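Student: Structure below; questions to follow.
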Amino acid sequence: MEESWKKDLAWILIAFIAVFALQSGLKIVLHTESPLVIVVSGSMEPVFYRGDVVLLEGINEDNIDKVHVGDVIVYKRPGYEYPIIHRVREIKEVNLGGKTEKCFVTWGDNNWAPDPDYPTPYGPVPCVPAYAVEDKALLVFPKIGLIPLEIRERLGLG
């Protein structure tokens with residue numbers, strides 16, 4: 001009986017180490033602090049549902065040209081707690097402080113209109129500036145984040 005709990009504890013410890021190693025490896029390979037995220041809203045249905053886990057690749061000024069119309073990107077928006085994950089519908093150029101910058105018109109697949117104007121230090125623009133884009137979606141793992149999402153919500157953490 002005593003050996004049984006030791007084996008169970010060993011397997012749990014191995015699982016935690018494996019998950020940590022996988023997460024750390026993905027951070028390095030995909031150049032992002034959050035390579036796996038849980039979808040928390042229904043704005044991207046039927047592509048992503050609440051509780052799906054999305055694999056992300058980091059985007060920065062060096063690889064912003066990897067983002068094309070039809071891609072799903074993740075961006076931070078001032079005043080929002082969570083990053084937004086929506087589809088690129090159009091790519092524009094805008095003038096921000098005398099500099100021409102790439103800008104992405106986005107909206108969720110389950111939304112009827114584009115995302116609202118993005119607030120910048122130079123005034124609102126009708127698209128997401130390249131500097132706000134953090135990641136690009138690569139792959140979705142359906143429903144595997146439902147349990148952690150439910151736990152977080154019951155504990156009042158999100």
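The values are calculated or read from the model by the stated rules, or taken from the named source; none is laboratory data. Keep in mind that this is a model prediction, so the values were computed, not measured. Counting neighbours? That spans all protein chains shown, and the Cβs are built from the backbone with ideal geometry, glycine included. All accessible areas refer to the heavy atoms of the entire protein, side chains included, with ligands and DNA or RNA removed. Shrake-Rupley method; radii C 1.70, N 1.55, O 1.52, S 1.80 Å.
Student: So is residue 26 at pLDDT below 80 and either under 16 Å from the mean Cα position of the chain (by Cα) or not in a helix (DSSP H, G or I) (or both) or not?
Tutor: Working: at pLDDT below 80: yes; either under 16 Å from the mean Cα position of the chain (by Cα) or not in a helix (DSSP H, G or I) (or both): yes.
Taking the combined requirement at face value, the residue satisfies it.
Student: Do we find that residue 47 is open to solvent by 20 Å² or more (accessible area, probe 1.4 Å), under 23 Å from residue 116 (Cα atoms) and modelled with pLDDT under 95 in this structure? So that I can check it myself, show each step before the final result.
Tutor: Details: open to solvent by 20 Å² or more (accessible area, probe 1.4 Å): yes; under 23 Å from residue 116 (Cα atoms): yes; modelled with pLDDT under 95: yes.
Yes.
Student: Being surrounded by 19 or more Cβ atoms within 10 Å (Cβ to Cβ) and of a type outside the set (Phe, Trp, Tyr) is the requirement here; does residue 40 meet it?
Tutor: No.
Student: In the range 95-118, what count of residues is obtained for those that are at pLDDT 95 or above and β-branched (Val, Ile, Thr)?
Tutor: Count: 2.
Student: Among strands (runs of 3 or more DSSP E) lying entirely in the range 54-158, which contain 1 or more residues that are exposed (fewer than 15 other Cβ atoms within 10 Å of the Cβ) and not hydrophobic (A, V, I, L, M, F, W, C)? Quick ask: steps written out before the conclusion?
Tutor: Working: elements: 72-75, 84-96, 99-107, 133-141.
Where strands (runs of 3 or more DSSP E) fall fully within the range 54-158 and carry at least 1 residues being exposed (fewer than 15 other Cβ atoms within 10 Å of the Cβ) and not hydrophobic (A, V, I, L, M, F, W, C), they are 84-96, 99-107.
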